[in-house]
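Below is one structure; the comments refer to it alone.
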Protein chains: 2
Amino acid sequence: MTATSSSTGTRGPAAPTDGARVALHPLGIGDVRIGGFWAERQGANASAVRVGLQRLEEAGNLQNLRIAAGRADGEAIGPVFADSDVYKWLEAVAWEYARQPSDELLEMQREVTRIIAAAQADDGYLNSVVQVRHGNRRYTDLPWSHEHYCAGHLIQAAVAQVRCTGDTALLDVAVRLADHLAGTFGEDRRHDVDGHPVIEMALVELYREAADPRHLELARYFVEARGRGLIAAYGKEPTYFSDRVPVREATTVEGHAVRAVYLAAGAADVAAELGDEELLQALRTQFDHMTATKTYVTGGLGARWEGEAFGDPYELPTDRAYAETCAAIGGVQWAWRMLLATGDARYADAIERMLYNGFLAGVSLSGTEYFYVNLLQHRSDAHADGNRSPAHGRRGWFDCACCPPNVMRTLSGLEGYLATHDGSGVQLHQYAPGTITAGGTTLTVETDYPWDGLVRVRVDAAPGPFRLSLRVPAWAEGATIGTRPAPPGYVHIDAAAGDVVELRLPMEVRTTTAHPRVDAVRGCIALERGPLVYAAEQADHDTPVDDVRIDPDAPRSSEHRPDLLGGVTVVTAGGLTLVPYYAWANRGPAPMRVWIPTT
Amino acid sequence: MTATSSSTGTRGPAAPTDGARVALHPLGIGDVRIGGFWAERQGANASAVRVGLQRLEEAGNLQNLRIAAGRADGEAIGPVFADSDVYKWLEAVAWEYARQPSDELLEMQREVTRIIAAAQADDGYLNSVVQVRHGNRRYTDLPWSHEHYCAGHLIQAAVAQVRCTGDTALLDVAVRLADHLAGTFGEDRRHDVDGHPVIEMALVELYREAADPRHLELARYFVEARGRGLIAAYGKEPTYFSDRVPVREATTVEGHAVRAVYLAAGAADVAAELGDEELLQALRTQFDHMTATKTYVTGGLGARWEGEAFGDPYELPTDRAYAETCAAIGGVQWAWRMLLATGDARYADAIERMLYNGFLAGVSLSGTEYFYVNLLQHRSDAHADGNRSPAHGRRGWFDCACCPPNVMRTLSGLEGYLATHDGSGVQLHQYAPGTITAGGTTLTVETDYPWDGLVRVRVDAAPGPFRLSLRVPAWAEGATIGTRPAPPGYVHIDAAAGDVVELRLPMEVRTTTAHPRVDAVRGCIALERGPLVYAAEQADHDTPVDDVRIDPDAPRSSEHRPDLLGGVTVVTAGGLTLVPYYAWANRGPAPMRVWIPTT
């Protein structure tokens, strides 16, 4: 089989060109159809996407664009990056439409796109808050104004829209805006970068869609220009803006976590399209250091509230974890690009950990309420201070509402992160029941993952023999394919139509201890089962969770409870009952802890 | 003996009126003369006070006042509270003059006082940054403008100046400013409070000096007006500004730590002068809760960088401790007022812990460099990010330079916090070699405290029999007076001229464990000896301090090392050598930890 293109042609998020130096190519967003666990989350999210339009009206984001378009009067409302929430939501609408076409979604999309197009200035510039509030004085405060950031999210939405609906209305806006940027910024033009990355990823994706090399060049420029002191004395240290060290010289991630991982993801896109091995190698080093020293067991990123930032190595407090939902999303985006570039299973492992834990905890089972901050320990007398404090429980929206529409677009487009193809076959990275189409090859996956470890893959059709690669997660010591041992990494099977492959991942409850330098969880263990991290929540205990202890050698058992929290497998150990971390705070923001002190 | 007044009449910081409802009265600042440990620190500080004037010139603070006075041209430099650094320094000059009179100090004081007086507006208003930078638009942003805060520090300096030198020049300025405030703010006038307390303490002290009841009334008003929603939507939650709960209803401390303890100290002053038992009782409850759940073993206050704030109960991270030097100073001020009001030894215990550890670590052995943030664990790969990051080591000054002159005034006026008198005798709260005069009673104290536990008090003169009270610290289980056991608290001795009393405090190395809810130090111990908390510092170890372990049962020994760190007693235990926490980072900002994981 030669599976070099997807069958539907509906490309998903992050689709390298055929010329890109990547090991793996994503399947089309329509080539993966899933049910089960994630489909349920997507179903809840589908409602949230529809509620989203109302939220954007209530918060004033859409009105800002109407005012900029001359269709309404008034002052701009909300933060300087208000437009970006509209764009992230619009991206969610596009992926959601690909997942489940609906006239209602199409209508929403067209109406909002019309408002955006009308708000765009004649020369392509677009940022409603700057246009309305700041008297159209552009780029006067780029470290804080988020003008490129908003542009990046607009471009991402436009790319999603054209891929999912074929509608080019927003793409036209995006191209004009990108042309305006390319005409304004660069080595020979204005030498400057935005305080908040995302434009880098966006411009590469636009290049992938509209094929204008100036857009790729501008992305390259923005990646290279950072870390050279362009941003200074703007109320935060250069570290905060990922501007202390050039990307290709950095050996770790630091500063504002979302900014750092968005930048890294964009750099990975640039490296792929330009075949820049040195840059890719630097990103590998950074990712490895992040995983080894700056990542929570939940996959959460960002240890500090102060500056929403990565901490020092091994600085991973549980009660004051920041672990912003958006950082987990950016982490998935970066890891996905690294996976495409390298084919290395560790990136798919990282995606799994982030998706099932640090990311998914960011949204309620209902799909419509969100955590901004994802702590790993919630105390009984925690004081809710400030909008984004987890002690409030999840909330429908925030003053700084970056996370909700970011969750929406991630869940709507989730199929884009599950499987790939290369010259010789198909790779399954994440497991969900459903069908996968790659060229003429069709696979059916049957599994009750993450509750059950059996993954059955049936080859329904294939033009000829091909290589089927299944990821065995690093945690799955003792996995088997049929009767053979399947060590962590990818297990490769020579497959043909009619074959049935059974991967069995061990679902025993695992005990996790942290690196001894992680002082915050000394003398504690965490329990994991499959891809899920577990947590003790007050609702399941009579004694205060603040004070629980666990015998690390106590026997464990697990039981599926269809009645509980939308159906979860609970873990029982040493007198404690634990639920998946992602499901916490759906019974009120009660005390909770992932890391449990041992007796 | 009736010792109701001091012999010199030079009152120190916080001197209740004779009509105040207090259990104890401070001795005059000139009635306590000390040598030994603290005198050495004061000697170093004496140099720092002289350097201070230069720092204030370099940083532009004095120039701001000159510009406001019309004696120079230019724009105001630095933060909105720039004037306060000048005032804190000027207060230090006053106490320093009382400690060791010097024409040089007097000259500095008079020159700077002249500039301040010239900057004052005709109606008494004074804030150079507002006058120069903001076109004299007053009180437009009181939550952030620090106008009352600066006024408070001016008043404190003026009170110190008149007490120590008899010079009323600054007091005149202070009274005019206070009159302006009293004419502007209040229940029947503008109903508003400053974002940063300190004016409350200051106004009560001014009342104590100038006897105008309007100043006491204004202090009462500012205390009572807080916590009623006056400060809202100013970029931080009301908690940050100590404005969530009325002072007399609060049961804990919360929000910005320095603001919180300054407010509490001012409230204690108000309670004392008005005999407000309910308010005093609320402050007791708050202090108890702070001590039990929100205080580091070093006496440090404030667990969070975000908002420089107290955390939730038992949230006491070591690596990200904030424990601002100014918070320890405010903690001492509050505890001192509680001690005067109640005579309860626990407040003197708290002062001891804060002074010797959390406060003293804030200044270098040289006396001229400062920590803003006092962490309890410094990692080997900690990244210095931002002006006040401890990874820089101590620094001579800061963009926000509140701590350096605050340290200066505290060390210069330290004699004011050591001993008291009441109707029946004299109370010694902190031990230092020297002489103490209270009325006709003269005591000589001989001790090598904190290195040695023997404190010998000789009654050199006394008009008649009196009660000598010596504090036995809570940590000093097994202390003796002569041959009698002396349990923690105050031991009272019927004394007369010629008596010699010997207090012996046990100086064995003690093992401290934290409350089990302090997750940050689970499985760790701290070592203490006398009033000092100890720390393992990299300079004394070949293996990484990041990774050290200690056998909690290993034998300990201690040895005085006159050559080391200005002369310290080191503690040896389980292969580790520990130095007093206050002395860390005088050999570079190397890895350090107070809490040591056990084997």
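This table checks each residue for (1) within 30 Å of B:GLY19 (Cα to Cα); (2) surrounded by fewer than 24 Cβ atoms within 10 Å (Cβ to Cβ).
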| residue | (1), (2) |
| --- | --- |
| B:TYR262 | yes, no |
| B:ASP269 | yes, no |
| B:GLU278 | yes, yes |
| B:PRO313 | no, yes |
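Based on what the data block shows, is A:ALA323 outside any loop (DSSP other than H, G, I, E, B), at pLDDT 95 or above and not charged (D, E, K, R)?
Values: outside any loop (DSSP other than H, G, I, E, B): no; at pLDDT 95 or above: yes; not charged (D, E, K, R): yes.
Here the answer is no, as A:ALA323 does not meet what is asked.
List pairs: first in segment A:515-534 and within 11 Å of chain B (Cβ to nearest Cβ), second open to solvent by 10 Å² or more (accessible area, probe 1.4 Å) and aromatic (Phe, Trp, Tyr), Cβ under 7 Å, 6+ apart or cross-chain?
The qualifying pairs are A:HIS515/A:TYR314; A:ARG517/A:TYR314; A:VAL518/A:TYR314; A:VAL521/A:TRP595; A:CYS524/A:TRP595.
Only residues that are exposed (fewer than 13 other Cβ atoms within 10 Å of the Cβ) and closer than 30 Å to B:GLN42 by Cα: list them for segment B:542-559, please.
Residues satisfying the conditions are B:SER557, B:GLU559.
Given the condition more than 18 Å from A:ILE155 (Cβ to Cβ) and part of a helix (DSSP H, G or I), answer yes or no: does some residue in segment A:82-94 qualify?
Within segment A:82-94, the first condition is being more than 18 Å from A:ILE155 (Cβ to Cβ), and the residues that meet it are none.
The answer is no; no qualifying residue exists.
What pairs come up if the first residue lies in segment B:55-72 and is touching a residue at least 60 places away in the same chain (Cβ under 8 Å) and more than 12 Å from B:VAL86 (Cβ to Cβ), the second is small (Gly, Ala, Ser) and crowded, with 20+ Cβ neighbours inside 10 Å, and their beta carbons are under 9 Å apart, counting only those six or more places apart or on different chains?
B:ILE67/B:ALA76; B:ILE67/B:ALA119; B:ILE67/B:SER128
Among (1) more than 26 Å from the chain's Cα centre (by Cα); (2) modelled with pLDDT of 95 or more; (3) open to solvent by 20 Å² or more (accessible area, probe 1.4 Å), which single condition is B:GLY423 missing?
The one condition B:GLY423 does not meet is (2).
I'm checking my understanding of the structure. Among residues of segment A:209-237 that are open to solvent by 10 Å² or more (accessible area, probe 1.4 Å) and modelled with pLDDT under 90, which one is nearest to A:ARG176 (Cα to Cα)?
Filtering segment A:209-237 for residues that are open to solvent by 10 Å² or more (accessible area, probe 1.4 Å) and modelled with pLDDT under 90, the one nearest to A:ARG176 (Cα to Cα) comes out as A:LEU230.
What is the number of the single condition among (1) on the phi < 0 side of the Ramachandran plot; (2) at pLDDT 95 or above that B:GLY36 does not meet?
(1)
Of all the residues that make up segment B:163-180, how many are crowded, with 24+ Cβ neighbours inside 10 Å and touching a residue at least 40 places away in the same chain (Cβ under 8 Å)?
As a first pass, look at segment B:163-180 and keep what is crowded, with 24+ Cβ neighbours inside 10 Å: B:163-164, B:170, B:174, B:177-178.
Imposing the further condition that a residue be touching a residue at least 40 places away in the same chain (Cβ under 8 Å) reduces the set to B:163-164, B:170, B:177-178.
Summing the residues that are crowded, with 24+ Cβ neighbours inside 10 Å and touching a residue at least 40 places away in the same chain (Cβ under 8 Å) in segment B:163-180 gives 5.
Would you check if there is a residue in segment B:144-154 being open to solvent by less than 20 Å² (accessible area, probe 1.4 Å), touching a residue at least 40 places away in the same chain (Cβ under 8 Å) and in a loop (DSSP other than H, G, I, E, B)? Can you show your working first?
Taking segment B:144-154 and keeping what is open to solvent by less than 20 Å² (accessible area, probe 1.4 Å), we get B:145-154.
If we keep only those that are touching a residue at least 40 places away in the same chain (Cβ under 8 Å) too, we end up with B:145-154.
Filter once more, so that each one left must be in a loop (DSSP other than H, G, I, E, B): B:146.
So far as segment B:144-154 goes, yes, one or more of its residues are open to solvent by less than 20 Å² (accessible area, probe 1.4 Å), touching a residue at least 40 places away in the same chain (Cβ under 8 Å) and in a loop (DSSP other than H, G, I, E, B).
Being in contact with a Gly (Cβ under 8 Å, 6 or more places away or on another chain) and more than 14 Å from chain A (Cβ to nearest Cβ) is true for just one of B:THR342, B:THR325, B:THR291, B:THR285. Which residue is that? Spell out how you get there, then give the answer.
Numbers: B:THR342 fails: in contact with a Gly (Cβ under 8 Å, 6 or more places away or on another chain); B:THR291 fails: in contact with a Gly (Cβ under 8 Å, 6 or more places away or on another chain); B:THR285 fails: in contact with a Gly (Cβ under 8 Å, 6 or more places away or on another chain).
It is B:THR325.
Of all residues in segment A:491-537, which are under 20 Å from A:ARG467 (Cα atoms) and of a type outside the set (A, V, I, L, M, F, W, C)?
A:HIS492, A:ASP494, A:GLY498, A:ASP499, A:GLU502, A:ARG504
Any residue at all in segment A:268-282 that's within 10 Å of chain B (Cβ to nearest Cβ) and not in a helix (DSSP H, G or I)? Steps first, answer last, please.
Step one: list which residues in segment A:268-282 are within 10 Å of chain B (Cβ to nearest Cβ), which gives none.
Looking through segment A:268-282, none of the residues is within 10 Å of chain B (Cβ to nearest Cβ) and not in a helix (DSSP H, G or I).
Check off (1) farther than 28 Å from A:ALA232 by Cα; (2) in a helix (DSSP H, G or I); (3) in contact (Cβ under 8 Å) with a residue 60 or more places away in the chain for B:MET354 and give me the number that stays unchecked.
The single condition B:MET354 does not satisfy is (3).
Considering segment A:567-591 alone, what residues qualify as being within 17 Å of A:TYR370 (Cβ to Cβ) and within 14 Å of chain B (Cβ to nearest Cβ)?
Residue satisfying the conditions is A:PRO589 alone.
Please determine, by comparing only the residues of segment B:471-521 that are more than 28 Å from the chain's Cα centre (by Cα) and β-branched (Val, Ile, Thr), which one is nearest to B:LEU532 (Cα to Cα).
B:THR480
Condition check ((1) crowded, with 17+ Cβ neighbours inside 10 Å; (2) within 27 Å of B:TYR240 (Cβ to Cβ); (3) basic (Lys, Arg); (4) at pLDDT 95 or above) across all residues:
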site: B:THR113; (1), (2), (3), (4): yes, no, no, yes
site: B:ARG137; (1), (2), (3), (4): no, yes, yes, no
site: B:ALA158; (1), (2), (3), (4): yes, no, no, yes
site: B:GLN161; (1), (2), (3), (4): yes, no, no, yes
site: B:GLY186; (1), (2), (3), (4): yes, yes, no, yes
site: B:PRO197; (1), (2), (3), (4): yes, yes, no, yes
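Identify all residues within segment B:364-387 that are open to solvent by 10 Å² or more (accessible area, probe 1.4 Å) and either farther than 25 Å from A:ALA303 by Cβ or in contact with a Leu (Cβ under 7 Å, 6 or more places away or on another chain) (or both); write none if there are none.
Listed by number, the residues that qualify are B:LEU365, B:SER366, B:THR368, B:GLU369.
Checking B:MET201 against (1) open to solvent by less than 50 Å² (accessible area, probe 1.4 Å); (2) farther than 16 Å from B:PRO13 by Cα, which test does it fail?
(2)
Go over the candidates B:THR318, B:THR298 one by one and state the one that is away from chain A (no Cβ under 14 Å), at pLDDT 95 or above and not in a helix (DSSP H, G or I). Talk me through it step by step, then tell me what you get.
Numbers: B:THR318 fails: away from chain A (no Cβ under 14 Å).
Step by step, each of B:THR318, B:THR298 is checked, and only B:THR298 is away from chain A (no Cβ under 14 Å), at pLDDT 95 or above and not in a helix (DSSP H, G or I).
Residue check: is B:THR285 open to solvent by 10 Å² or more (accessible area, probe 1.4 Å) and either modelled with pLDDT under 95 or in a loop (DSSP other than H, G, I, E, B) (or both)?
Working: open to solvent by 10 Å² or more (accessible area, probe 1.4 Å): yes; either modelled with pLDDT under 95 or in a loop (DSSP other than H, G, I, E, B) (or both): no.
When the stated conditions are applied, B:THR285 does not pass them.
The values are calculated or read from the model by the stated rules, or taken from the named source; none is laboratory data. Treat the numbers as computed from the prediction; the structure is a model and nothing was measured. Glycine also receives a Cβ, built like all others from the backbone with ideal geometry; neighbour counts cover every protein chain displayed. What goes into the accessible areas is simple: the full protein's heavy atoms, side chains included, and nothing from ligands, DNA or RNA. Shrake-Rupley method; radii C 1.70, N 1.55, O 1.52, S 1.80 Å.
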